[in-house]
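I have placed the structure first, in the form of structure tokens, so that the comments after it can refer back to it.
The numbers here are math on the coordinates, done by the rules we state, and not lab data. Given the structure is predicted, the values throughout are model-derived calculations rather than measurements. Positions of Cβ are generated from backbone atoms using ideal geometry, with glycine treated the same way; all protein chains shown enter the neighbour counts.
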Amino acid sequence: DAKTTQPPSMDCAEGRAANLPCNHSTISGNEYVYWYRQIHSQGPQYIIHGLKNNETNEMASLIITEDRKSSTLILPHATLRDTAVYYCIVRGGYDYKLSFGAGTTVTVRA
Amino acid sequence: DTGVSQDPRHKITKRGQNVTFRCDPISEHNRLYWYRQTLGQGPEFLTYFQNEAQLEKSRLLSDRFSAERPKGSFSTLEIQRTEQGDSAMYLCASSSNREDGQPQHFGDGTRLSIL
């Protein structure tokens, strides 16, 4: 699986959009980008995933660059409850395991 | 969709004792995974089932660990002769293989503390 690089931490203001970057320059053509988040003492929560196209769901939007070497997770209106560690993971579609890095610790401030 | 359920949520035991955790996956999911997470680290893969078949085991899964999924539904993870280093959060996840790229969905884990 391709490795990912994320900033270790980010602050954002409540009510503003949070843009979380992820670099995955060695991604292969059949590898998906997945985003999860983990709030203290809970299991990782699936947010969104994509292959080539941008994706949006009720939680977030995922923007993947045309060359697929990087992506951005957008939380459109951050709330205090979005404070968590966010993991960007690259994995082949039928691969069985997720490889978690250190993630980005996002702190939403009032 | 009731989500992935894990039991117990917390387990405290003395070193040398055996412990068993249970995971109930999302009902239509045929793939089930176990991960372990220590403090300050991301989850690490332990093992994977497709239906009742255990298809992959990590080198992290020592001989003291055994996982089963007897009828392709719930799974158990047993640790024999627990050691201090086994203290961690044990996470279960499940997914469907209906389509390429289906995400894994995690339970809230079992936190194991070894005294």
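Report, in listed order, any pair from A:3/B:11; A:69/B:71; A:52/B:11; A:3/B:57; A:69/B:11 with a Cα-Cα distance greater than 32 Å.
On the way: A:3/B:11 34 Å; A:69/B:71 41 Å; A:52/B:11 42 Å; A:3/B:57 21 Å; A:69/B:11 42 Å.
The pairs that break the limit, which is 32 Å between Cα atoms, are A:3/B:11; A:69/B:71; A:52/B:11; A:69/B:11.
Please average, across the residues of B:82-95, the number of beta carbons from any other chain that are within 10 Å of each residue's own beta carbon, and give a whole number.
Mean shielding by partner chains, rounded to a whole number: 1.
Can you give the three extents of the C-alpha atoms in segment B:39-86 along their principal axes, from longest to shortest, in whole Å?
Dimensions of segment B:39-86 along the principal axes of its Cα atoms: 32, 25, 17 Å.
Quick one: dipole size for chain A, taken about the Cα centre, charges +1 on Lys/Arg Cβ and -1 on Asp/Glu Cβ, in debye to the nearest 20. Numbers along the way, then the final one.
Details: 10 positive and 10 negative charges, 30 e Å.
Charge dipole of chain A: 140 debye, to the nearest 20.
Test of understanding: ordering B:7, B:108 by Cβ neighbours within 10 Å, fewest first, what list do you get?
So the ranking, lowest neighbour count to highest, is B:7, B:108.
Could you work out how far apart the two model spin labels at residue A:107 and residue B:63 are, taking each label as a point 7 Å from the Cα in the direction of the beta carbon, and quote it in nm?
In this crude spin-label approximation the distance works out to 4.7 nm.
Skipping prolines and chain starts, which residues have an amide H placed within reach, meaning under 5 Å, of the one on residue A:16, given they are 5 or more residues away or on another chain?
HN-HN under 5 Å from residue A:16: A:78.
With only alpha-carbon pairs counted, each pair once and no self-pairs, how large is the Kirkwood hydrodynamic radius of chain B in angstroms? The partial results should precede the final answer.
On the way: mean 1/r = 0.0707 Å⁻¹.
Computed over chain B, the radius equals 14.2 Å.
Cα gyration tensor of the protein assembly as shown, axes a ≥ b ≥ c as square roots of the eigenvalues: rounded (a/c below 1.5), prolate (a/b > b/c) or oblate?
Prolate, because a/c is 1.5 or more and a/b exceeds b/c.
Just to check, using Stokes-Einstein with a Kirkwood Rh over alpha carbon pairs, what's the diffusion coefficient of segment A:37-110 at 25 °C and 0.890 mPa s in µm²/s?
Numbers: Rh = 13.5 Å.
Stokes-Einstein gives a translational diffusion coefficient of 182 µm²/s.
Considering chain A as a Gaussian network with a 10 Å cut-off on Cα pairs, which listed residue, A:88, A:22, A:12, attains the greatest mean-square fluctuation?
A:12
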